[in-house]
Structure formats: C-alpha cells, structure tokens
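The values are calculated or read from the model by the stated rules, or taken from the named source; none is laboratory data. The shown structure was predicted, so the numbers you read here are calculated from the model rather than taken from an experiment. Note that each Cβ is placed from the backbone with ideal geometry, even for glycine, and that neighbours are counted across all protein chains shown. Surface accessibility is based on the protein's heavy atoms, side chains included, excluding ligands, DNA and RNA. Shrake-Rupley method; radii C 1.70, N 1.55, O 1.52, S 1.80 Å.
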Amino acid sequence: MLLIAFLAQTFRIAIPYLFASAGGVISERVGLIGLTLEGYMLGGAFCAVVVSETTGSPWLGVLAGSAGGALLALLYAVGTVRFRANQVIVGVALNLLVVGLTRFFLRLLYDSSSNSPRVAGFTVEQSGTGFTALAQNPLVWLGVLSVVLVAWLLYRTPFGLRVRAVGEHPQAAASVGVPVNRVRYLAAALSGAIAALGGVYLALDQHQFTDGMTAGRGFIALAATIFGRWDPKRVALACLLFAAAETFQIQLQGSEVIPSQFVEMIPYVLTIVALAGVVGKATGPAALGKTDG
C-alpha cells in the first residue's frame with residue numbers, strides 16, 4: 001500500500017515535468033535553449049487562473065494558459081531569432097519579466113501579493129491511493145499524451161524533420177528551401193504552449209495561483225530534457241526519476257532522522273549529479289544556442 005501511494009504521488013508530481021520537458025525538447029531540437037520553461041509555466045499558470053476565475057470554466061483556463069505560454073515563447077523567439085540576441089540572456093530576462101508581471105497583476109487584479117482567489121479545477125476528492133483522482137483529471141492524460149505527441153511530431157512528420165534539420169544545421173536546411181526562421185517561430189510557439197500546461201496543471205490542481213508557485217520546476221524540466229538526451233521517451237523517464245526524488249523528499253520531511261534542510265536538497269542534488277554524468281558525453285543539437293544562420 002505504501003509503495004502504491006508512493007507511485008501515485010510520484011506520477012502526480014511528474015505531470016508538470018512531462019509538460020515542460022516536452023516543450024523543452026521541441027525548443028532545444030530547433031536550436032533554442034530552453035531556459036524559459038520556468039517563465040512559460042509561471043505565465044501559463046497565471047493566465048489559466050485569471051480566465052478560470054473570470055469565466056468559471058477550467059477548460060477555458062487551460063486554453064488561456066497555453067496561449068499565454070505561446071505568446072511568451074514568441075517574445076523569446078523575436079529576441080533570439082529576429083534580433084539574434086544571446087539566448088541565455090534573453091531567457092533569463094524573460095523569466096524575470098514573468099515573475100515581475102505576475103506579481104504586478106496579482107496585486108492589481110486581486111489586491112494580494114501572495115495568492116489569487118480559489119478557482120475551479122478538474123481534481124476530485126482523494127480516495128484510496130490517489131490514482132482515482134489522477135485518472136479523473138484530464139490534464140494528467142494530456143501530460144502523458146504530450147510526450148507521445150512530441151515524439152510522433154519529431155520523428156513521423158515533415159514538420160518534425162524540419163525542426164531537427166534547423167536545429168542541426170540551419171544553413172543546410174535553408175539551402176534546400178526550408179524557411180528556417182518560420183520553423184523556429186512555430187516550434188517556439190508550440191514549445192511555449194505545451195510547457196505552459198505544466199503551470200496550468202499546478203494552478204488548477206491547487207485551485208489558485210500563488211506567487212512563484214513553479215518553484216524551479218521549469219529548470220528541473222530542462223535538466224530532464226538534457227539528461228534524457230533530447231529524446232522524448234528518455235526525457236519522460238528522467239521526469240519520473242526526478243519526481244520520485246521529490247516524492248522521497250516529501251515523505252522524509254516528517255522524519256527527524258535527517259535535518260529538513262538536507263531533505264529539501266534531495267531533488268536538486270540528484271539533478272546536479274544526473275547532469276554531471278551527462279554533460280560532456282551527450283551532444284545536443286549542433287545549432288543549439290547559436291544566433292547566426
């Protein structure tokens with residue numbers, strides 16, 4: 001029973017990572033560094049809550065959150081593709097911009113510096129081990145489906161072939177008639193739309209938006225993308241690994257054997273250790289992070 005509960009909580013925690021890393025795979029495969037996943041998630045969560053609170057419909061909130069992520073991704077693409085700015089600098093700036101904007105509008109709309117009013121969500125009352133609530137949340141199924149769809153898109157469609165070609169060698173892709181910048185814009189928008197659903201899931205699962213609620217999950221999703229070597233199936237396994245570490249950390253917090261400060265470090269230490277074993281061995285898309293071409 002304890003094992004089943006552990007697996008249920010692991011799967012629940014993994015859903016935001018699956019969404020964000022699926023978006024990260026598309027972004028990095030087209031040559032755009034996925035540092036902005038954190039911003040997409042936070043912006044998507046805020047947009048979802050605002051629309052859900054206004055309309056009373058969680059589905060409209062999902063659409064709004066995804067659209068918000070796509071718009072943020074297009075802003076990132078304009079800076080890096082159109083103006084060829086450094087991707088790391090633009091990514092960090094976008095994340096800071098989203099943090100500031102969400103705090104500003106949280107105060108403006110709800111006169112609060114910490115959280116929004118409660119909104120409708122998809123989850124039902126927890127029962128048994130928690131799998132019943134997970135099964136009745138459509139965003140859980142969408143999270144799993146996002147990985148499958150990204151794998152199909154990249155390896156089974158002409159658009160996916162263009163994305164991979166642009167990420168590997170944009171000059172060669174342009175020489176055979178591939179509209180490089182257009183592919184990058186489309187891939188960026190799709191990346192933002194999918195990654196933002198990770199934040200939407202968090203907001204609707206908690207039934208409100210709280211300041212900084214993504215809490216670095218976008219960066220862990222980026223680590224999962226790199227650890228999984230930009231392959232959707234491996235990335236999904238990496239997300240489950242990091243989610244299991246977070247679940248283990250949560251369950252250890254009630255124990256007095258290990259100081260809580262060290263317990264809270266577990267997911268992040270695992271992320272660093274995992275990346276330390278990958279960086280230098282794994283080779284990402286050849287044009288990743290390059291602003292020329």
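Observations on the structure shown:
- Among the residues making up segment 243-257, those that are surrounded by 13 or more Cβ atoms within 10 Å (Cβ to Cβ) and β-branched (Val, Ile, Thr) are THR247, ILE250.
- Test: residue in segment 124-138 that is in a helix (DSSP H, G or I), in contact (Cβ under 8 Å) with a residue 60 or more places away in the chain and open to solvent by 60 Å² or more (accessible area, probe 1.4 Å): yes
- Single match in ALA193, ALA172 (criterion: more than 10 Å from MET41 (Cβ to Cβ) and either open to solvent by less than 10 Å² (accessible area, probe 1.4 Å) or within 16 Å of the chain's Cα centre (by Cα) (or both)): ALA193
- So ARG84, is it open to solvent by 10 Å² or more (accessible area, probe 1.4 Å), out of contact with any helix residue (DSSP H, G or I) (no Cβ under 9 Å at 6 or more places or on another chain) and more than 27 Å from VAL119 (Cα to Cα): yes
- Filter result for the condition that a residue is over 30 Å from LEU288 (Cα atoms) and either out of contact with any strand residue (DSSP E or B) (no Cβ under 8 Å at 6 or more places or on another chain) or small (Gly, Ala, Ser) (or both), over ARG12, ARG29: ARG12
- Looking across segment 148-169, the residues that are part of a helix (DSSP H, G or I) and farther than 23 Å from TYR40 by Cα come down to TYR155, ARG156, PRO158, LEU161, ARG162, ALA165, GLU168.
- Residue identified as in a helix (DSSP H, G or I), open to solvent by 10 Å² or more (accessible area, probe 1.4 Å) and touching a helix residue (DSSP H, G or I) at 6+ places or on another chain (Cβ under 6 Å) among LEU240, LEU186: LEU240
- Subset of segment 144-169 that is more than 26 Å from VAL62 (Cα to Cα) and small (Gly, Ala, Ser) - its residue that is least open to solvent (accessible area, probe 1.4 Å): GLY167
- Filtered by the rule that a residue be open to solvent by 20 Å² or more (accessible area, probe 1.4 Å), part of a helix (DSSP H, G or I) and under 19 Å from ARG229 (Cα atoms), segment 1-49 gives ARG29, LEU35.
- Of everything in segment 244-259 that is of a type in the set (S, T, N, Q) and within 27 Å of the chain's Cα centre (by Cα), the residue that is modelled with the lowest pLDDT is GLN253.
- Of the criteria (1) in contact with a helix residue (DSSP H, G or I) (Cβ under 8 Å, 6 or more places away or on another chain); (2) farther than 17 Å from GLY199 by Cα; (3) in a helix (DSSP H, G or I); (4) at pLDDT 95 or above, which one SER52 fails: (2)
- Condition check for ALA14: modelled with pLDDT under 95 and aliphatic (A, V, I, L, M): no
- Residue list for segment 189-230, filter: not in a helix (DSSP H, G or I) and not acidic (Asp, Glu): HIS207, GLN208, PHE209, THR210, GLY212, MET213, THR214, ALA215, GLY216, GLY228, ARG229, TRP230
- Qualifying positions in segment 205-222 - surrounded by 24 or more Cβ atoms within 10 Å (Cβ to Cβ) and of a type in the set (A, V, I, L, M, F, W, C): PHE209, ILE220, ALA221, LEU222
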